[in-house]
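Derivation of every value follows stated rules applied to the coordinates shown; laboratory data play no part. The model shown is predicted, which means the values in this text are computed figures rather than measured ones. Quick reminder, even Gly has a Cβ in these numbers, built from the backbone with ideal geometry, and neighbours come from all protein chains shown.
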Amino acid sequence: MNFEEYAAKPILAAAGIAVPASQLATTPEQAAKACAAIGQVVIKAQVPTGKRGKAGGIQLADTPDQAAQHAARIIGMDIGGHRVEKVLVEAMSDIAFEYYAAILNDPASKGPMLMFSTEGGMDIEEIAAESPEKLRTATIDIRRGLSAETAQALIGGLDLNGANDAIADVLLKLYDAYRTNDAELLEINPLIQTRSGTIVALDCKFVLDDSAIKRQPELAAKGTPDRLTALEKIGEDNVIKYIELDGNVAVLANGAGLTMTTMDVVRHHGGAPANFCEIGGEAYTKGKVALEMVLGKPGVKSLVVNFCGAFARCDVMMDGLLNAWEELKPELPVFFSIAGTGDEEAIRMLKERLDMDPYPNMDAASKAAVDAARAGAGT
Amino acid sequence: MRILRKHHRVLIQGITGKQGTFWTERMQAYGTNVVGGVNPKKAGTSHCNVPVHASAVDAMKDGDGFESSIMFIPPLGVKAAALDAIEAGAKNICILTEHIPVQDVMYVMAAAKERGTMITGPNTAGSVTVGECFQGFMPAFNERIFKRGRVGVMSRSGSLGTLMCQNIVSAGYGQSAFIGIGGDPIIGTTTRDALQALDQFEGTDCVVMVGEIGGSMEEDAADYAATMAKPVFAFIAGGAAPAGKKMGHAGAIVMGDKGTYASKKKALEAAGVTVLDTPSHVGDALHEVLG
């Protein structure tokens, strides 16, 4: 789960890392008021995406009037497909130097990785690609945590303008915040040194581990939920993974890998999948809502159902689906591929209740669905 | 990564739950050497004809001991259960649970590494040593899916791995072993580890690798595949998936140009691996190699 800057910075502040004074504003009037209280400010669009500055979503304001003008322009702006609803009005900082610091979950070392660079303000992907020697990393044993020695060693030998100790202290606090908040990624970019020598977090990116939401309910309430389409929202409410796509061949399968592959095979045969929708054995009673979702997408011309029973049994999933089918009575052409645990029973049920036979494999079923969609789109 | 054998003594943590009971009975029927279970509230009783202990440490001390532990434990209980098994001296741990907080997983991985404990999973459907034993929730007992043969199979996904195994059997071949490694971004046994284990496993003539988009495990495994004498076939799921969305598995997400289908296919083909367009093509591919 992503957190926008205004929701992420309090996490740093709670860990003892300095952040500029700021107020959130949703109208130009509020922005003017905030500027009047703070002084010289930066108006920053709050959207869950990067490149805000390049899009014109970050502006300086000396007076409340300027703040209102900038806020009026930024609110309502589209940045990377996100409409700006609010701006952070933040005290302007007196920047002398910019650094980069982050902690993330590293699949290679299977532990947290601490990163630091003197090239603050740049995209980390750019630093890694263009000057990898300027990116320092350290892997951490999460049982022991980050030691002061490791933090010092990471920045050892770097000319940090006399701020080595202060920055090492920020790294330790950053690690605490990472642990306390079940972060998947916690990044400060830029981490600045002011002309008076203070170390301040000027921006913050925080991604909460989705699997930790259950034990971090108060924190998760401050995050930005994924933008979902109306159909995807129905999926979320019913704990069914549904992702809406652009095509016209609806896909219903069990298991993430099998569902992805069904989409691939539809594509392989020249079709375009309309969705990702996965129902497992435990979700078989949700056959009706799953079917409603895949059929609910406008422009869908055919449906391929691909069941491969392992943990989830084909007969149980088929029963749920057929119950839904009999209730909804869709007109859409449907093509089945059925294999694995409970397949014989499922095939019998399909014959008895829909008078249909499955195709011999997922390729044949998917190809038939693609052909039907093409025929349907032509009429 | 060690492939489970029937002489390995297996402990089931969470044996008394609904899933634990259901799958323990099936594992026992297939040949898995289950010697005990764990449930602190039911210690001293017997379940599925084996003694229930208060902890894995107790099972090691007071029971018959064990080499491998299989966990049917809810997400927030996995850290404590796995640390218990590691402390007890388990050699292998299979974690089936999905949606475990990643920092808990990393904690377990660090402890396991220190003690030399091999972890499979989390978020795996388990593994099958065909005709011998299995762990997790795999339909090992379904003869149209698993039949003793000479093809080693590894998969990130349980459902897709099952489909691949079924395609292998319906094409007239069989498997030596199946290893499910799990769909999470941070897992104990990687694609490379599983590939190496199958390469070294007796009675295995070739390996089928079922990967998916996200991460760089297939690219890492390609380095090992390049050194193998045995032929390797791969299918990578998710070529049609949009970037930036988690496709059901937490690990199946493409960020920028990292973890893409194209990058994996390129690395594998450069290593001499045959990349299949669809899982249905596996029979024809095996036919060319095995005859």
Given A:LYS214/B:LYS18; B:LYS245/B:LYS266; A:LYS134/B:LYS79; A:LYS134/A:LYS173, which pairs have Cα atoms separated by over 30 Å? A:LYS134/B:LYS79
Around A:GLY162: net Lys/Arg minus Asp/Glu count, Cβ-Cβ under 15 Å: -2
Just add up the charged neighbours of A:ALA14: K/R +1, D/E -1, any other residue whose Cβ is under 13 Å from the Cβ of A:ALA14. +2
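If each residue's Cβ is checked for other Cβ atoms within 10 Å, how do B:PHE235, B:PHE22, A:PHE311 rank with the fewest at the top? Let's see the in-between values first.
Details: B:PHE235 28, B:PHE22 14, A:PHE311 24.
Ascending Cβ contact count within 10 Å gives the list B:PHE22, A:PHE311, B:PHE235.
State whether region A:242-379 is rounded, prolate or oblate according to the following rule on the C-alpha gyration tensor (a ≥ b ≥ c being the square roots of its eigenvalues): a/c under 1.5 gives rounded; otherwise a/b larger than b/c gives prolate, and the remaining case gives oblate.
Values: a/c = 1.41, a/b = 1.36, b/c = 1.04.
It is rounded, given that a/c, with a ≥ b ≥ c, falls under 1.5.
What relative contact order, as a whole-number percentage, does chain A give when Cα pairs under 8 Å and 6 or more residues apart are counted?
On the way: 776 pairs, mean separation 49.3, N = 379.
Dividing the mean separation by the residue count of chain A yields 13 percent.
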Value of relative contact order over region B:1-61, rounded to a whole percent, pairs C-alpha under 8 Å and six or more apart: 30 percent
The long-range amide H neighbours of B:THR260, using H built 1.01 Å from N in the peptide plane and a cut-off of under 5 Å, are B:GLY214
In region A:260-369, what is the count of Lys pairs whose alpha carbons are under 21 Å apart, counting only pairs at least 8 residues apart or on separate chains? 12
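Taking every DSSP beta bridge that has both residues in the protein assembly as shown, what percent is antiparallel when rounded to the nearest 5?
Values: 59 of 111 bridges.
Rounded to the nearest five, the antiparallel share is 55 percent.
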Determine the percent antiparallel among the DSSP beta bridges restricted to chain B, to the nearest 5. 20 percent
Given Cβ point charges of +1 (Lys, Arg) and -1 (Asp, Glu) and nothing else, what value in debye, to the nearest 20, does the dipole of region A:230-378 about its Cα centre take? 300 debye
Whole-Å semi-axes of the protein assembly as shown's equivalent ellipsoid, largest first, each the root of 5 times a Cα gyration tensor eigenvalue? 45, 32, 23
Checked chain B against the a/c 1.5 cut and the a/b vs b/c comparison, axes a ≥ b ≥ c from its Cα gyration tensor; verdict prolate
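Dipole of the protein assembly as shown, Cα-centred, from +1 at each Lys and Arg C-beta and -1 at each Asp and Glu C-beta, to the nearest 20 debye? Working shown, then result.
Details: 62 positive and 80 negative charges, 176 e Å.
Approximately 840 debye in magnitude.
I'd like the antiparallel share, as a percent to the nearest 5, of DSSP beta bridges with both residues in region B:186-287. The partial results should precede the final answer.
Working: 1 of 9 bridges.
If I count the DSSP bridges inside region B:186-287, around 10 percent turn out antiparallel.
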5 Å is the cut-off here: which amide hydrogens, built 1.01 Å from N in the peptide plane, fall below it relative to A:VAL47, excluding neighbours closer than 5 in sequence? A:GLU5
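Restricting attention to region A:301-342, which GluC sites (Glu not before Pro) occupy a DSSP loop and are surrounded by at most 10 other Cβ atoms within 10 Å?
Values: sites: A:GLU326, A:GLU327, A:GLU331; in loops: A:GLU331.
Filter output for region A:301-342: A:GLU331.
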